[in-house]
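K.L.:
Just dropping this structure here.
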Amino acid sequence: MFESFTDVIHLESMTDILPAAGYGWLGVFIVTGVLVAAVYLLGMFGSKGDK
Amino acid sequence: MEILWEFIYAIEWQQIVMWAIGGLLIFLAIKKDMEPTLLLPMGFGAILVNLPNSGAIGPEGALTTLFNAGIANELFPLILFIGIGAMIDFTPVLSNPKLMIFGAAAQFGIFFTLSVASLFFAPNDAASIAIIGAADGPTSIFVANTLGSQYTGAIMVAAYSYMALVPIVQPPVIKAITTKKERLIRMDYAAKPVSKLTKILFPIIITVVAGLVAPESVALVGFLMFGNLIRECGVLNSLSDTAQKVLANLVTIFLGITVATKMHYEAFLKWDTLLILGLGLVAFVFDTVGGVMIAKLYNLFAKKKLNPMIGAAGISAFPMSARVINKMGLKEDNQNFLLMHAVGVNVSGQIASVIAGGLILALFS
């Protein structure tokens, strides 16, 4: 009648996905880091545009 | 008369539950002013699709046609992004680019929820549920649909409900993980001038960088940034105005009611829906935790301390989250105005959530 714990909770799926989750969050930081660098460069050179 | 009785007898109790849920969404939209632009059409749509033998759905139904025309191919969320891009002023980020890091930090809830959701759901559904933490409706629809999740309706309801509940969800979490001393940190704001050239180049560079690093995100980022370029270029004011108002409103009307096609009782009334609502809350809570904790980490090394509460605004949910942080700052110290810093983090969160959506697609599609 009741599903067993392993039917409902898929621990093996979590162990598969944990590295992807870690890489995903790290990936957001890497892309954002590149964007921050790009924005600083823009600030440095872009300000000459209004002169 | 017999046909009428036939229709009445065809009513299932689950349909009545869905009418009540539709009514609740309409009530929350009108009475509590919770994301009314989406909750109201979704609530009405939930009633519409759950009438017995509803002609609005099915192969020939108008809502099915709209769904195939605008959501199945991701068109509506992308067009809405043009309007959102035209509404956002990125000046606070451009004058203080390091704030973008907190936008990235506050996507933690997405990846934490992804891990937890994978305990209960198949990877594509877990990833779609996790993206509720993007606190951004179009991104959630885009990702859930691209990954072919069977829970799009529940994901939408959770995403928009929690976005509306940001003033209730975030303050207790922020208070639990910050000290009073930290919440009292004052941050001066001196607006730095940002050139027009910078504002024009910014959306182009963001699109190119995001497209090169995370190609799956390029449609989302590109449409958002295209809207922003229309705003900032200075020569398309009437288009910018149209994108911000008419276009965004028009798509929102269709998006809300069309998403309701996924709220048919057979797909919606499951224990899974409750679990998805719970996981959505987990995503919002851990987004907040991620943003605040990275701000606290930053303070360990920085000479000039930040008020760590601004990290929580990286959750996206623009501009609600920034307002919440400002209000919390003023509550602790009525001279501590955090709004502009929080807005900077908030718009960074908008960009970061789209990037996170693209990375989720890259990992799972």
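The values are calculated or read from the model by the stated rules, or taken from the named source; none is laboratory data. Quantities reported herein were computed from a predicted structural model and do not represent experimental measurements. With ideal geometry, Cβ positions are generated from the backbone for all residues, glycine too; neighbour counts draw on all protein chains shown.
K.L.:
Determine whether B:M100 is part of a loop (DSSP other than H, G, I, E, B), in contact with a helix residue (DSSP H, G or I) (Cβ under 9 Å, 6 or more places away or on another chain), under 27 Å from B:L165 (Cα atoms) and hydrophobic (A, V, I, L, M, F, W, C). Show your work before the answer.
P.N.:
Numbers: part of a loop (DSSP other than H, G, I, E, B): no; in contact with a helix residue (DSSP H, G or I) (Cβ under 9 Å, 6 or more places away or on another chain): yes; under 27 Å from B:L165 (Cα atoms): yes; hydrophobic (A, V, I, L, M, F, W, C): yes.
No; evaluated as a whole, the condition is false for this residue.
K.L.:
Can you work out which of the residues in segment B:112-125 that are in a helix (DSSP H, G or I) and among the hydroxyl-bearing types (S, T, Y) is farthest from the other protein chains (Cβ to nearest Cβ)?
P.N.:
Applying the filter and picking the extreme gives B:T113.
K.L.:
Confirm whether B:L197 is in contact with a Lys or Arg (Cβ under 9 Å, 6 or more places away or on another chain), within 14 Å of another protein chain (Cβ to nearest Cβ) and assigned to a helix (DSSP H, G or I).
P.N.:
yes
K.L.:
Determine whether B:I204 is farther than 26 Å from B:A126 by Cα and either assigned to a helix (DSSP H, G or I) or not hydrophobic (A, V, I, L, M, F, W, C) (or both). Explain how you work it out, then say what you get.
P.N.:
Values: farther than 26 Å from B:A126 by Cα: yes; either assigned to a helix (DSSP H, G or I) or not hydrophobic (A, V, I, L, M, F, W, C) (or both): yes.
Yes, satisfied.
K.L.:
If the requirement is being surrounded by fewer than 24 Cβ atoms within 10 Å (Cβ to Cβ), part of a helix (DSSP H, G or I) and among the small types (G, A, S), which of these qualifies: B:S128, B:S140, B:S161?
P.N.:
Sole residue among the options that is surrounded by fewer than 24 Cβ atoms within 10 Å (Cβ to Cβ), part of a helix (DSSP H, G or I) and among the small types (G, A, S): B:S161.
K.L.:
Please go through segment B:101-111 and pick out each residue that is of a type in the set (F, W, Y) and more than 7 Å from every other protein chain (Cβ to nearest Cβ).
P.N.:
Matches in segment B:101-111: B:F102 only.
K.L.:
Here is a follow-up. Using the structure shown, decide if B:A69 is assigned to a helix (DSSP H, G or I) and either over 22 Å from B:A144 (Cα atoms) or of a type in the set (F, W, Y) (or both).
P.N.:
Working: assigned to a helix (DSSP H, G or I): yes; either over 22 Å from B:A144 (Cα atoms) or of a type in the set (F, W, Y) (or both): no.
No: the conditions fail for B:A69.
K.L.:
Something else: Taking into account only those residues within segment A:11-28 that are at pLDDT 65 or above and surrounded by fewer than 18 Cβ atoms within 10 Å (Cβ to Cβ), which is nearest to B:K98 (Cα to Cα)?
P.N.:
Result: A:L26.
Residue-wise test of (1) under 25 Å from B:F318 (Cβ atoms); (2) within 20 Å of the chain's Cα centre (by Cα); (3) buried (at least 18 other Cβ atoms within 10 Å of the Cβ).
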site: B:G43; (1), (2), (3): yes, yes, yes
site: B:G58; (1), (2), (3): no, no, no
site: B:T65; (1), (2), (3): no, no, no
site: B:N96; (1), (2), (3): yes, no, yes
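K.L.:
Identify all residues within segment A:29-51 that are more than 7 Å from every other protein chain (Cβ to nearest Cβ) and either on the phi > 0 side of the Ramachandran plot or at pLDDT below 85 (or both); write none if there are none.
P.N.:
Scanning segment A:29-51 gives A:L41, A:M44, A:F45, A:K48, A:K51.
K.L.:
Tell me which of these B:A86 doesn't satisfy, since it passes every other one: (1) under 20 Å from B:S149 (Cβ atoms); (2) more than 14 Å from chain A (Cβ to nearest Cβ); (3) at pLDDT 90 or above.
P.N.:
Answer for B:A86: the failing condition is (1).
K.L.:
Oh, and also: Kindly check whether there is at least one residue in segment B:72-91 that is without any contact (Cβ under 8 Å) to a residue 12 or more places away in the chain, farther than 18 Å from B:I257 by Cα and surrounded by fewer than 18 Cβ atoms within 10 Å (Cβ to Cβ).
P.N.:
No, segment B:72-91 contains no residue that is without any contact (Cβ under 8 Å) to a residue 12 or more places away in the chain, farther than 18 Å from B:I257 by Cα and surrounded by fewer than 18 Cβ atoms within 10 Å (Cβ to Cβ).
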